[in-house]
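**Q** One structure is given below, represented as structure tokens, and several questions about it will come after.
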Amino acid sequence: MHFISEIRYNPRTQCDERYYRIKESFRDQTGRSRSRVLLQVGFITPDPSPEDIRDVGRCLNWMRGHQGGKEADLFDSPLSLYKQSVRDMARRYWDEMVRQGSLDAVDATIEASRKKAERMV
């Protein structure tokens, strides 16, 4: 998962600001490259640093591979390497994606492409 951003007009502040989305890129079972926007984050105030945005993406990738970070760790969690504000943003965005079911949508797309690939054989 990674953040993408574009400059958009923010009606609340009446100026152009970065508008963020969380996106996941993947290959389906037929080998086709796909991408899907998982969450429309929107405008973030105050504007986070590029390092914080990168770190939130890394946290979300780790959470995706480890059941949302709910697995018991034998040692300290790898997320403890990041600032508390980064971990809070990652947890908030993760919970929102789970609530919306957008993580399941990617899995469903991969499963549908698997069925299509089986028909092609």
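**Q** Can you tell me how the chain classifies by the Cα gyration tensor, rounded, prolate or oblate, using a/c under 1.5 as the rounded cut?
**A** oblate
**Q** Continuing with this model, one more query. Hey, what angle do you get for helix 50-65 against the long axis of the chain, alpha-carbon based, 0 to 90 degrees rounded to 10?
**A** Once rounded, the angle reads 30 degrees.
**Q** Within the accessible area of the chain, what % is carbon and sulfur when the probe is 1.4 Å and the other protein chains stay in place?
**A** Carbon and sulfur atoms account for 48 percent of the accessible area of the chain.
**Q** Shifting gears a bit: Can you tell me the accessible area per residue over the chain, all protein chains present, probe 1.4 angstrom, in square angstrom?
**A** Roughly 65 Å² per residue, with all protein chains present.
**Q** At most 13 other Cβ atoms within 10 Å plus a DSSP loop assignment makes a site exposed; report the longest stretch of the chain without any exposed trypsin sites (Lys or Arg not before Pro).
**A** In the chain, the maximal stretch lacking such sites is 84-121.
**Q** Cα-based count: Lys pairs in the chain below 29 Å, eight or more positions apart or different chains?
**A** Taking the Cα cut-off of 29 Å, the pair count is 5.
**Q** Sticking with this one: Relative to the longest principal axis of the chain, what angle (0 to 90°, nearest 10) does the C-alpha long axis of helix 84-100 take?
**A** For helix 84-100, the angle is close to 50 degrees.
**Q** Let me ask another. Amide H neighbours of residue 29 under 5 Å, counting only residues 5+ apart in sequence or on other chains, H built in-plane at 1.01 Å?
**A** It is 113, 114, by chain and number.
The values are calculated or read from the model by the stated rules, or taken from the named source; none is laboratory data. All values derive from a computational prediction rather than experimental measurement. FYI the Cβ positions are ideal-geometry reconstructions off the backbone, even for glycines, and counts take in every protein chain you see. Note: areas computed on protein heavy atoms with side chains; ligands, DNA, RNA excluded. Shrake-Rupley method; radii C 1.70, N 1.55, O 1.52, S 1.80 Å.
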